[in-house]
Amino acid sequence: MTGKLISGARALALDALQAKAAKAAAGFASLGIRRDDAVALMLRNDFAFFTATLAAGSLGAYPVPVNWHYTEDEARYLFEKCGAKAIVIHADLLHGVKGALPKGVPVFVVPTPPEIAAAYHVAPGTTTVPSGFQDFDSWLSGFRPRAPEVADPPGAIIYTSGTTGRPKGVRRRPPTPEQAMAALKTIGSVFDLSGAILNPGTQTITTIIPGPLYHSAPNAYSNFAVRANATIILEPRFDPEDLLRLIETHKVTHIQMVPTMFVRLLKLPEAVRRRYDVSSLTFVVHAAAPCPPHVKRAMIEWWGPVINEYYGSTETGAVVFCSSQEWLAHPGTVGKALPDAGLRILRDDGSEAAAGEAGEVYSRVRTTADFTYHGDDAKRAKAERDGLISVGDIGYLDKDGFLFLCDRKNQMVISGGVNIYPAEIESELLKIPGVADCAVFGIPDEEFGESLCAIVQPQPGAAPDAGFIRAELQKHLAKYKVPKTIEFMAELPREDSGKIFKRKLRDPYWEKAGRQI
């Protein structure tokens, strides 16, 4: 029995998806797209995302998911930086980035389906393909299916923001057959999907994708789910009660989530939570952001010991894993190193930290294909030490080898599973009239784990207010990058060097919350 994609009232069998992808591959090839090229996807959770991803991968090209919250300026940077040879985009998103489309690059438009339009309150007049643009499905229907040119696709280039505020693309090298099999076994086991892939017909999987497919984890998870011949339900936009309804209706067995979703589920009234049967769940895995211990414990008590966790990054992949039982024995841990993963905690001088001593987390899954930052090999080299990679996390290992995270060296903020870097926001703040200086950092947030806080030092004689600052930022930044909290200070604290002493601003918020991260 073949799996299928489900979105609202629509369904598409996976064998039909593969057939459409083979036609799209022929179409992409007719444009001259070949190995190592890039195809940008500015799409919400929809069938076309899978079609275009599979098509590009079968040619040895890289699908490049684009965060659809991006402003025109942000989208332009990514389209140009990745060198997109084609762009596939939802109709309603096209209207906001028309000025960012690179000249001469083919653009294919996907009509915005009703369930997505309803979830995002999309204006009716923007859901269809506008005049002068090519409908993606109509275009690919004119091609005959093309056989894959590569057995193992290179995967997506995922753009993740850097400390400079500009996104950097994590581009993995095309895998050897041995590396592809190692990744399947390692990552597939973290998702509990490798058995269904390696032994077809032995496991029936029904899953939900509640997070946006432009993020690294849902993107990888969805690709493995297709390979596992799963039935895949696409939630247009995460809604806690709707998730429970879908679990019960479709008897969902597997889900990948982020802790913010747990928080919102637990905020539902007890009567609503008890209304739905979630007993079909056998494997739930979460990552991407810190999960408050009381939230995780409450989820295990509600859904049972099916809650699993992994830690890693776009660069390294999953490097540690933790079951419910392991977490209950080591509360607060994010897991223990996977068999093929190297994991070390290093002091600033490069020496090994002792058990319980915090240091920079270096890790790597040695058996999978290496990566670089697209167009910036020097930045890639800087991240490595002794063959392991750091993404700036600070943590420690306990005496049993379980990893605990306690801070982020580069001050990255993870809000609801989304990586946000303060430098980009600070740069925009400093452009605003009346702002002399500023500091942006993460503070505790019950729902999202962290939220953004901006402390603004006004120019002498100026008195900008929070509403004005938010309005100015929204002209240049995606809404999720606009600080939730904006406060003012006559003089920001500084180190002797003149650098703003962020920790003095940040620490009081975390001390009140009784935690470090």
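The values are calculated or read from the model by the stated rules, or taken from the named source; none is laboratory data. These numbers were taken from a predicted model, which means no experiment stands behind them. Counting neighbours? That spans all protein chains shown, and the Cβs are built from the backbone with ideal geometry, glycine included. Areas reflect the complete protein model, heavy atoms only, side chains present, ligands, DNA and RNA absent. Shrake-Rupley method; radii C 1.70, N 1.55, O 1.52, S 1.80 Å.
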Inset, instruction - Pick out, from segment 419-517, the strands (runs of 3 or more DSSP E) lying fully within it that include 3 or more residues that are touching a helix residue (DSSP H, G or I) at 6+ places or on another chain (Cβ under 7 Å). - result: 435-445, 449-458
Legend entry - Top-ranked residue in segment 443-490 [being charged (D, E, K, R) and open to solvent by less than 10 Å² (accessible area, probe 1.4 Å); ranked as nearest to residue 259 (Cα to Cα)]: 450
Legend entry - Residue list for segment 182-201, filter: open to solvent by 30 Å² or more (accessible area, probe 1.4 Å) and touching a Leu at 6+ places or on another chain (Cβ under 9 Å): 185, 187, 189, 198
Inset, instruction - Inspect segment 374-385 for any residue being farther than 30 Å from residue 63 by Cβ, open to solvent by 60 Å² or more (accessible area, probe 1.4 Å), assigned to a strand (DSSP E or B) and of a type outside the set (Val, Ile, Thr) and give the result as yes or no. - result: yes
Inset, instruction - Inspect segment 382-405 for any residue being of a type in the set (Asp, Glu) and within 27 Å of residue 82 (Cβ to Cβ) and give the result as yes or no. - result: yes
Legend entry - segment 53-76, subset surrounded by fewer than 24 Cβ atoms within 10 Å (Cβ to Cβ) and free of Cβ contacts under 8 Å to residues at least 40 places away in the same chain, residue nearest to residue 147 (Cα to Cα): 76
Legend entry - Pairs where the first residue, in segment 134-158, is acidic (Asp, Glu) and the second is at pLDDT 95 or above, C-beta under 6 Å, 6+ apart: 135/129; 149/59; 149/60
Inset, instruction - Tell me, yes or no, whether segment 150-170 has at least one residue that is open to solvent by 80 Å² or more (accessible area, probe 1.4 Å), in contact with a Pro (Cβ under 8 Å, 6 or more places away or on another chain), within 26 Å of residue 26 (Cβ to Cβ) and at pLDDT below 95. - result: yes
Inset, instruction - Identify all residues within segment 301-320 that are surrounded by fewer than 18 Cβ atoms within 10 Å (Cβ to Cβ), in a helix (DSSP H, G or I) and in contact (Cβ under 8 Å) with a residue 12 or more places away in the chain; write none if there are none. - result: 302
Inset, instruction - Please state which one of 9, 21, 48, 29 is buried (at least 21 other Cβ atoms within 10 Å of the Cβ) and in contact with an Asp or Glu (Cβ under 9 Å, 6 or more places away or on another chain). - result: 48
Legend entry - All positions within segment 427-442 that are crowded, with 20+ Cβ neighbours inside 10 Å, touching a strand residue (DSSP E or B) at 6+ places or on another chain (Cβ under 9 Å) and not small (Gly, Ala, Ser): 429, 435, 438, 440, 441
Inset, instruction - For segment 321-368, enumerate the residues that are touching a residue at least 60 places away in the same chain (Cβ under 8 Å), at positive phi and part of a loop (DSSP other than H, G, I, E, B). - result: 332
